[in-house]
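The values are calculated or read from the model by the stated rules, or taken from the named source; none is laboratory data. Predicted, not measured: the structure shown is a model, and the values here were computed from it. Note: accessible area is taken over every heavy atom of the protein model, side chains too, but ligands, DNA and RNA are not part of it. Shrake-Rupley method; radii C 1.70, N 1.55, O 1.52, S 1.80 Å.
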Amino acid sequence: MKRDFTRREFIKISGIGLGGLAASGSLLRFASDVLGYGNAYPHKVLRTPTYCEMCTFKCAGWAYRLDGKPWKIIGNENDQHCYGRLCTKGSAGFGAYDDPDRLKTPLIRMQERGKQVFKEVSWDEAFNYIASKLKRIAKEYGPECVALFTHGTGGSFFKTFLQGYGSDNIAAPSYANCRGPREEAYLLTFGDAISTPERTDMSNSKCIVLIGSHIGENTHSSQVYEFGQAIHRGATIITVDPRFSVAASKSKYWLPIKPGTDMALLLAWINVVIEEELYDKEYVKKYTIGFDELRKSVKDDTPEWAYPITTIKPEIIRETAREMARYLPATLIHPGRHVVWYGDDTQRVRAGAILNALLGSWGRRGGFFMPVEPDVPEYPHPQFPKPKRSWRDAFPGKFELANLALSSGICEATIPSARSDCNFKGWIVYGTNLLHALPDRKKTIEAIHNLDLLVVVDILPSEISGWADVVLPECTYLERYDDLRTEWGRESQIALRMPAFQPKYNTKPAWWMAKQLADKMGLGQYFSWKNIEEYLDYRLKKAGTSLREMQEIGVKVLKRETPLYFAKGEEVKFATPSGKIELYSKTLKDYGFDPVPRYVHHEEPPKGYYRLLYGRSPSHSFGRTTNNPLLTQMDPENEIWINTDVSKEWGLKDGQYLRLENQDQVVSNRVKVKVTERIRADCIYMVHGFGHDQKRLKRSYMKGASDTGLITRTKIDPIMGGVGMRANFVTFNV
């Protein structure tokens, strides 16, 4: 609830939010000045609860206004996603609100797709256009020929809309293009997923192993905080990365592995742990099956075998394996996040999961805790109609172990082909710029040309909005209520987002759009609540709180009823077919895959080319924030990391601009060179999310290069359809 604060209350709040600074007294002096201490007319400060939308972690916080204007955003002290501390991006949320490039009113396309000639229309006109097209698609092809791509909180309302319409083709690009192999690998091994936020217990870990995971550059608040705690306590950090990352700089061991060979290292570690009997014998005996098959499978995968493959010396492989075993079960092989690399990603991540099982870290302190989530009932609605078809019909016999729809699969199934009679005719795209999120831009555009309807819901005029038939401008997360945050964690928590400001321009929240469109379509029964306040209050009261209470506290912490870790000797039934941790997977064998991970050699770059690696910036979340007025001041463009020896060979200088050209002769935008010894000589590295070619994004237009534009070759994971993107090689176009 918005309310006025007295000077005394404000000083108290500021002290909670900024901790150490307040203790020095400097903050108190600052607050006094701002509030006009001693004046007759003190300034007016208001705060509202929110949770962040600048990345997927959704950290809860407080948005402050000073005299009605944006002032600051700080973390909610009770939130387990951030522990009261927001990252750079979260603190820059007002930049999204104030961005003058925002979409301002609904638009309908007037000329052929891609020319970006639109007319401004009313909301009613936009909804009538969409409803008419959707009804025609349902009549001629069936409602299942419409798909939703979603990345963001408001997408849940469009999900309800689409299910009410009769389609269950709902894809999050983050599954096939990011973390899907991780979830399936852990489901196959432990019967449970990692999800977001990750269930890793780094704050209690004594040894953390990072394999291509850039904690510190990927600034998910609780992960960074817990990683920092582990470092402060003196935990051993082992980082496997071709690049000397921020995490590597904090590590006891940095293993600059040859790209594409991580599986060989993992198998060699498993070999050492088994052959030297370093594993947790009691845990393995009690909770796992398939140990003998695993031992037999990795018998020859010795450190000496792995050395010429990985370039990691055998003594280092043995030493690091022993270091992991020294601290079991408080050793964590971090499962990573963006794991779609080479097409065998489910198996590679599963090798890490198996190593965690051997070290006994699942369900143990310092490894993986057992998360809980709040029980918040849904608002009642009629049962959804049962779809007659799904995206799977376009891929008979393929990706049968995928538990979610594949965004790349829907894209491919939109392009007519002789072997498929299931083509998509309509897309609703919520909060994801598919032309930067999906590799092979040419194929995405080909798919778009075959659509009868493309609706884009976004805050900014992203590249995908330029191809839309209808553009619906969403207000920012600081201007709207949204659905409740109910993600799992150590504690059972609920977080509320409520508007700090009235929506700017003619923008609206997603819940309002979905409800209005449902009414146009005769689907109002799936949105029977009068307004969002009634919807939220109903759900919150069923969970033992209320909207009024949540407006005051922002985060509700519910009592945890179950232990955080397994008790010693506890009988545990895992949600796998065997009820055990499956070191050997009969499920994989039954589907024709290796039941135990095996090393597969991946293609190496030809002479004069380098493997293209990409990652994250602490200042940005993909391309979503690279136009933010605050964040672009710190990080306006990306650079390419080039090894010093390579730069000498090519005569490249630090700070010069060049273009990259990939194996398919695709040339990038100009990008700045960063010459460094912090990367191997067989690869180059760049931050993802830059290189926009949408002129309406004025601060990010043509700033840096797009890695996605250079990813024209992919390797598909046959187990679950993940899209491996590190199969691309680039050279320099000077």
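Results, tabulated for the structure shown:
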{"item": "For the stretch 671-734: rounded, prolate or oblate by the Cα gyration tensor [a/c cutoff 1.5]", "result": "oblate"}
{"item": "Restraint check, LYS258/LYS607; LYS252/LYS715; LYS299/LYS586; LYS286/LYS568, Cα-Cα greater than 22 Å", "result": "LYS252/LYS715"}
{"item": "Average Cα contact separation per residue, the chain, under 8 Å, 6 or more apart, as relative contact order %", "result": "19"}
{"item": "The stretch 46-106: radius of gyration over Cα atoms, expressed as a fraction of 2.2 N^0.38 Å", "result": "1.16"}
{"item": "Approximate shape of the stretch 408-531 as ellipsoid semi-axes (Cα gyration tensor, √5λ), whole Å, largest first", "result": "30, 18, 17"}
{"item": "Sulfur and carbon atoms: percent of accessible area, the stretch 602-706 [1.4 Å]", "result": "49"}
{"item": "Phi to ³J(HN,Hα) by Karplus 6.51 cos²θ - 1.76 cosθ + 1.60 over the stretch 295-305, Hz, x for Gly, Pro", "result": "4, 5, 5, 9, 3, 9, 8, 7, x, 5, 5"}
{"item": "Whole-number percent relative contact order across the stretch 617-734, with pairs defined as alpha carbons under 8 Å at least 6 apart", "result": "30"}
{"item": "Shape of the stretch 495-637, Cα gyration tensor, a/c cut at 1.5", "result": "oblate"}
{"item": "Global size of the stretch 464-549 as Cα Rg and Dmax, reported in angstrom", "result": "15.1, 45"}
{"item": "Cross-link reach list, lysines versus LYS159, counting only Cα pairs under 16 Å and skipping chain neighbours closer than eight places", "result": "LYS386, LYS515"}
{"item": "Percent of C-alpha pairs per 5 Å bin, the stretch 255-353, short to long", "result": "2, 12, 22, 26, 22, 12, 3, 0"}
{"item": "Aspartates and glutamates with Cα under 15 Å of LYS695, excluding same-chain neighbours fewer than 8 positions away", "result": "ASP99, ASP101, GLU463"}
{"item": "Rounded, prolate or oblate (a/c below 1.5 giving rounded, otherwise prolate when a/b exceeds b/c) for the chain by Cα gyration tensor", "result": "rounded"}
{"item": "Whole-percent carbon and sulfur share, accessible surface of the stretch 203-291, 1.4 Å", "result": "52"}
{"item": "Average silhouette area of the stretch 318-390, convex hull of alpha-carbon atoms, in square nanometres", "result": "9.0"}
{"item": "Alpha-carbon radius of gyration plus Dmax, which is the widest Cα pair, for the stretch 162-288 in Å", "result": "17.6, 58"}
{"item": "Radius ratio Rg over Rh of the stretch 132-181, counting only Cα atoms, Kirkwood formula for Rh", "result": "1.05"}
{"item": "Residue-normalised accessible area of the chain, given per residue in Å² at a 1.4 Å probe", "result": "39"}
{"item": "Carbon plus sulfur fraction of accessible area for the stretch 435-510, probe 1.4 Å, in percent", "result": "49"}
